[in-house]
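> One structure follows; several queries about it will come next.
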Amino acid sequence: MNKYHTSVLLHEAIDQLMIEKGKRYIDATLGGGGHTKEILDRGAEVLGIDVDDDALSHVNEILKPEIENGKLKLARGNFKNIDKLAEEHGFSDVAGILFDLGVSSHHFDEAGRGFSVRYSGPLDMRMDQELGVKAADLVNALNRGELSQLFFTLGEERFAHRIADAIVRARQAGPIQTTAELVSIVNSVVPKKREGINPATKVFQALRIAVNDELNSLKDALPKALNLLSAGGRLAVISFHSLEDRIVKEIFKEFAEKGLGVIVTKKPIIPSIKEIEENNRSRSSKLRVFKKV
């Protein structure tokens, strides 16, 4: 098992891509390299894309032989630029593309990255460390209405107004700088209901999506990815919340209506009970697949 990141729906996603030996594939969200390794093990070639230098360094280390023999190429960049990155590395006309939209376990477990409600660290949340705006900038600069709209729209948080009020009150004493401070503020005004789910989870989701412009990047990337596929090629997307899943579902529907291919998964593939028990972070994941004609 990859200690850096436990790949969600690993075998389901790889099986759906119908990997063929000698053909080329793109892993648009390299992360810990779990999906990429599985594709390589089946005899294919891979272009692995990630905005995170930590992820690229990790995969460069664990899959060095595959890089040296030319089976694996790594590219630093946001998947919204998948067309340019693919062209630069000679990966146009590929047999399959995978997007695993989940945040890497490494990000959650590394307190200094600021993604987790469990550890105290700086309010950062940038997947790409070269981005200018951090989560702390949004928390401390947005007004009450903007914060409320952010939490409601991107976090689907029903207590958005209450949380925004609490943040505005709290920052009068000074800027909110750490994840622990924000968690404490949210927990002070939101009732805890589901066992094991921190009340601040949706607020963290909203901030992360905003900082990394995740939804717009996804909307930009999927049509570009489809264009990179050869006839019969498959596009597989693993999402982790309803906002992402809705975008994937609607874009795949548009592709089908335009006659560009067929939706393989009439209903999304979800993790088994066994996988959820072994990796609780997989519980909300959904896999959708589209086949190009």
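> Sequence gap at least 6, Cα distance under 8 Å: using those rules, report the relative contact order of the chain to the nearest whole percent.
19 percent.
> Then there's this: For Ser92 paired with Arg283, estimate the spin-label separation in nm (one decimal), with each label point 7 Å from Cα along the Cα-to-Cβ line.
Simple spin-label model gives 4.6 nm for this pair.
> Round to the nearest 10 and give me the degree value, 0 to 90, for the angle of helix 53-62's Cα axis relative to the longest principal axis of the chain.
40 degrees
> With r as the distance between the Cβ atoms of Ser184 and Ile273 and R0 = 30 Å, compute the FRET efficiency 1/(1 + (r/R0)^6) and round to 0.05.
0.30
> By how many nm would the segment from Ser230 to Lys193 lengthen if fully extended, with 0.36 nm per residue of separation less the alpha-carbon distance?
Value of the extension gain: 8.6 nm.
> Right, next: Name the residue farthest towards the positive end of the dipole of region 82-169 from the options Gly96, Met125, Ile167, assuming +1 on Cβ of Lys and Arg, -1 on Cβ of Asp and Glu, about the Cα centre.
About the Cα centre, the residue reaching furthest to the positive side is Ile167.
> P(r) for region 111-212, please, calculated from all Cα pair distances in 10 Å bins and given in %.
Cα pair-distance distribution for region 111-212, in percent: 17, 55, 27, 2.
> From the Cα trace of region 152-293, what convex hull volume per residue do you get, rounded to a whole Å³?
137 Å³
> Right, something else. Between the alpha-carbon centers of region 151-165 and region 235-293, tell me the distance in whole angstrom.
Computed from Cα coordinates, the inter-centre distance equals 26 Å.
> Turning to a different aspect of this structure: So if I place +1 on the C-beta of Lys and Arg and -1 on the C-beta of Asp and Glu, and nothing else carries charge, what would the dipole magnitude of region 1-159 be about its Cα centre? I want it in debye, nearest 20.
With only Lys, Arg, Asp and Glu charged at Cβ, the dipole is about 140 debye.
> Cα axis of helix 160-170 to longest principal axis of the chain: angle in degrees, 0 to 90, nearest 10?
Roughly 60 degrees between the two axes.
> Also, quick follow-up: Counting only DSSP beta bridges with both residues in the chain, what percent are antiparallel, rounded to the nearest 5?
If we restrict to bridges inside the chain, about 40 percent are antiparallel.
> Right, another one. Using amide H atoms built 1.01 Å from N in the peptide plane, name the residues 5+ places from Ser120, or on other chains, whose amide H lies under 5 Å from its own.
Amide H neighbours of Ser120, under 5 Å, 5+ apart: none.
> Okay, moving on. Where does helix 201-212 land angle-wise versus the long Cα axis of the chain, in degrees 0 to 90, nearest 10?
Helix 201-212 sits at roughly 60 degrees to that axis.
> Report the calculated FRET efficiency for Ala141 and His11 (r = Cβ-Cβ distance, R0 = 51 Å), to the nearest 0.05.
0.70
> A follow-up question, please. Please pull out the direction-averaged projected area of the chain, using the convex hull of its alpha-carbon atoms, in nm² to one decimal place.
Computed as one quarter of the Cα hull surface, the answer is 15.0 nm².
> Which of the peptides 198-211, 26-39 is most tightly packed, and how do the rest follow, judged by the mean count of other Cβ atoms within 10 Å per residue?
Taking the mean over residues of other Cβ atoms within 10 Å, the ranking is 26-39, 198-211.
> So, one more: Treating only the Cβ of Lys, Arg, Asp and Glu as charged (+1, +1, -1, -1), what charge dipole size does the chain show about its Cα centre? Round to the nearest 20 debye.
Taking the Cα centre of the chain as origin, the dipole is about 940 debye.
> Also: Tell me, what HN-Hα J-couplings in whole Hz come from the Karplus equation 6.51 cos²θ - 1.76 cosθ + 1.60 at θ = phi - 60° for each residue of region 135-144, using x for Gly and Pro?
4, 4, 4, 5, 4, 9, 9, 6, 7, 4
> Which FRET efficiency, nearest 0.05, do Asp165 and Thr201 yield, Cβ-Cβ r, R0 25 Å?
With R0 = 25 Å, the Cβ-Cβ based efficiency is 0.85.
> Along region 248-254, what does the Karplus equation 6.51 cos²θ - 1.76 cosθ + 1.60 (θ = phi - 60°) give for ³J(HN,Hα), rounded to whole Hz, x for Gly and Pro?
Result, rounded to whole Hz: 4, 4, 5, 5, 4, 5, 4.
Laboratory data are not the source of any read-out in this text; all were calculated from the coordinates shown. Note that this is a predicted model, so its numbers are computed, not measured. All Cβ positions, even for glycine, are placed from backbone atoms using ideal geometry, and neighbour counts span all protein chains on display.
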